[in-house]
1. For helix 233-242, what angle does its Cα long axis make with the longest principal axis of the chain, in degrees from 0 to 90 and rounded to 10?
2. Output the 0 to 90 degree angle, nearest 10, between the alpha-carbon long axis of helix 293-305 and the longest principal axis computed from the alpha carbons of the chain.
3. Sketch the reach of a paramagnetic label on Q141 as a point 7 Å from Cα along Cα-to-Cβ, and name the residues of segment 115-133 whose backbone nitrogen lies under 16 Å away.
4. What is the spread of the Cα atoms of segment 184-305 along each of their three principal axes, largest first, in whole Å?
5. Given the options G2, S276, N150, identify the residue whose Cα lies farthest towards the positive end of the charge dipole of the chain (+1 on Cβ of Lys, Arg; -1 on Cβ of Asp, Glu).
6. With a Förster radius of 25 Å, plug the Cβ-Cβ distance of V46 and F161 into 1/(1 + (r/R0)^6) and report the FRET value to the nearest 0.05.
7. So how much slack lies between N223 and H239, counting 0.36 nm per residue of separation and subtracting their Cα-Cα distance, in nm?
8. Could you estimate the translational diffusion coefficient of the chain from the Stokes-Einstein equation, with Rh from the Kirkwood formula over C-alpha pairs, at 4 °C and 1.567 mPa s, in whole µm²/s?
Amino acid sequence: MGKTLYQQRCQGCHLPALSEPDIDKHLQPIEWRTTAGEKKSTSEKVLDLVIIPAQEIGTDPAQGEVLVNRLIDTVSINQASGEQALSELGIDGLLCGRDTQAIYDNQLFGGNQAVDLVDGLHIRDGGNLNFAFALGTIVEQTIDAWFDANFIRDQALRDKFYGGRPNCLQAGRGYKARPLNGVWATAPFLHNGSVATLRDLICRPQEQRPAYVRLGDIRFNENDIGLVQPKDFVQQAQHHVKKGQLYTEDGYFILDTSIPGNSKQGHSFSAEYDTSKRYNEQKKGVIGPAFSEEECTAILEYVKTL
Ligand code: HEC
């Protein structure tokens, strides 16, 4: 029953379990274009994961937004006057990213051409540099410095180390639905760790998940699959948070899910799911109807086997 439920209710986003033969269909080469328009692809195939837009999955958007919105100043032109100017950080490299011109044209002219990856975007120091591109370039420059330091000069060998792949940044305002293998061991859940157990994530609608998560106790809660949380933790946490304390008396960190960036919302299986409406017309963050107790146990048992 758990496996069937997984196939019906999870697989569309999370893909078949890695042990299933069907997984082969989701292995694809990475494809990109050069700035001159030449099409390229890797010889190896990799898992082609599904990325769900943040507004559809309804989980906290902050982390995805960083990729799109956060700007940094690497030449200190925006520095407050009076401070000593720093020199440039030294960012200079070619990166691969989503074709921003194609995105722009799509938005402006309502086109529906596929927005794909283009390699060869020149990223340099600047006053309003996109954080993600800057970080991606620094990573690549660091790797290249390591090659230089270790006398790896042969380009073919460097390409081999890179797995024949360009250094691409492609997500943004969306989250990947990762394969769930081993997920039973990786609490707390969601990209921001705002949900303590799989039971809270799968069997409780978003508004019924605990508002506070206690972090730091590594004991495993095998019944709910995740972190051990004291029974009265929400009241206990409220008491501390009111006094401005971030830690419990015994030194555990209190994650407050009402703070932006920490939201426990989204990825919710809920009675509010309206079967007469399409998937993208549901209440924000509601991705499917609630499970019965029996279904819930079955799905958690199945997820444990992955
Ligand atoms: C609409 C697509 C979609 C469906 C359907 C879906 N998921 Fe997810 N799932 C996601 C996305 C996207 C994330 C990442 C969200 C985030 O981290 O903010 C996620 C995250 C998770 C996580 C947390 C992973 C982690 O590393 O913390 C678990 C566990 C999970 N899903 C289990 C399930 C199960 C079990 C089902 C079926 C009952 C299911 N999901 C159905 C898209 C989906």
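1. Tilt of helix 233-242: around 60 degrees.
2. Once rounded, one gets 40 degrees.
3. 121-133
4. Extents along the principal axes, in whole Å: 48, 31, 23.
5. S276
6. Values: r = 16 Å, r/R0 = 0.65.
Once the sixth-power term is evaluated, E becomes 0.95.
7. Numbers: separation 16, 0.36 × 16 = 5.76 nm, distance 2.72 nm.
This chain segment gains 3.0 nm when fully extended.
8. Numbers: Rh = 22.6 Å.
Stokes-Einstein gives a translational diffusion coefficient of 57 µm²/s.
None of the figures in this text is laboratory data; all of them are computed from the coordinates on show. Keep in mind that this is a model prediction, so the values were computed, not measured. Ideal geometry is used to build each Cβ from the backbone, glycine not excepted, and the neighbour counts take in all protein chains shown.
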